[in-house]
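Peer 1: Below is a structure I'd like to ask you about.
The values are calculated or read from the model by the stated rules, or taken from the named source; none is laboratory data. Owing to the predicted nature of the structure, the values given are computational and were not obtained by experimental measurement. Because the Cβ atoms are built from the backbone with ideal geometry, glycine has one as well, and the counts that use them run over all protein chains shown. For the accessible areas, the whole protein counts, side chains as well, though only heavy atoms, and no ligand, DNA or RNA atoms are used. Shrake-Rupley method; radii C 1.70, N 1.55, O 1.52, S 1.80 Å.
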Amino acid sequence: MKVVIDRIEDGIATVELENGKMINVPAELFDGCKEGDIVYITQNAEETEKKKQEVLIDISGLFDN
């Protein structure tokens, strides 16, 4: 997904989504970016799977006594 940073004020970034909708999100999500920058947001299946495995290990540790 591509978003365009419309403005950044008081820690809030207003971004335009691909469908033209404007939303406000924490500016820290776009650290180092400035107004007018185009940012791509992508899913990372490999990192998602790693995190799932970490959570499963943590949860199983709760029940191992």
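Peer 1: Run the accessible area of the chain with a 1.4 Å probe and give the carbon-and-sulfur part as a rounded percent.
Peer 2: Result for the chain: 52 percent of the exposed heavy-atom area is carbon or sulfur.
Peer 1: Just how large is the dipole of the chain about the Cα centre, in debye to the nearest 20, putting +1 at every Lys and Arg Cβ and -1 at every Asp and Glu Cβ?
Peer 2: Dipole magnitude for the chain comes out near 180 debye.
Peer 1: Here's something else I'd like to know. Please give, to one decimal in nm, the separation of the simple spin-label points placed at Met1 and Ile38, each 7 Å out from Cα toward the Cβ.
Peer 2: A separation of 1.8 nm, rounded to one decimal place.
Peer 1: With just the Cα atoms of the chain, tell me how far they stretch along each of the three principal axes, in Å, largest first.
Peer 2: 53, 25, 21
Peer 1: Further question on the same structure: Sort Leu62, Leu56 from largest to smallest accessible area, using a 1.4 Å probe on the heavy atoms of the protein chains.
Peer 2: I get Leu62, Leu56, largest accessible area first.
Peer 1: With the other protein chains left in place, how much accessible area per residue, in square angstrom, belongs to the chain at a 1.4 angstrom probe? Mind showing how you got there, number by number?
Peer 2: Values: 5430 Å² over 65 residues.
Value for the chain: 83 Å² per residue.
Peer 1: Let me ask something else. Pick out, from Ile57, Ile41, Gly11, the residue whose Cα sits farthest towards the positive end of the charge dipole of the chain, with +1 on the Cβ of Lys and Arg and -1 on the Cβ of Asp and Glu.
Peer 2: Ile41
Peer 1: Still on this structure: Under a point spin-label approximation (7 Å from Cα along Cα-to-Cβ), what is the Glu49-Phe30 distance to one decimal in nm?
Peer 2: Calculated label separation equals 3.2 nm.
Peer 1: Where Lys and Arg each count +1 and Asp and Glu each count -1, what net charge lies around Phe30 among other residues with Cβ under 12 Å from its Cβ?
Peer 2: It works out to a net charge of -3.
Peer 1: Quick check: net charge around Thr42, other residues with Cβ under 14 Å of its Cβ, Lys/Arg +1 and Asp/Glu -1?
Peer 2: Result for the local shell: -2.
Peer 1: Taking the alpha-carbon distance from Lys2 and a cut-off under 14 Å, which aspartates and glutamates remain once sequence neighbours fewer than 8 residues away in the same chain are dropped?
Peer 2: The reachable aspartates and glutamates, counting only those whose Cα sits under 14 Å from Lys2, are Glu16, Glu18, Asp37.
Peer 1: Ok, one more. If you keep only loop residues by DSSP, which trypsin sites (Lys or Arg not before Pro) in segment 2-65 have at most 12 other Cβ atoms within 10 Å of their Cβ?
Peer 2: Lys21, Lys34
Peer 1: Using only Cα atoms, tell me the angle between helix 45-63 and the longest principal axis of the chain; keep it within 0 to 90° and round to the nearest 10.
Peer 2: 40 degrees
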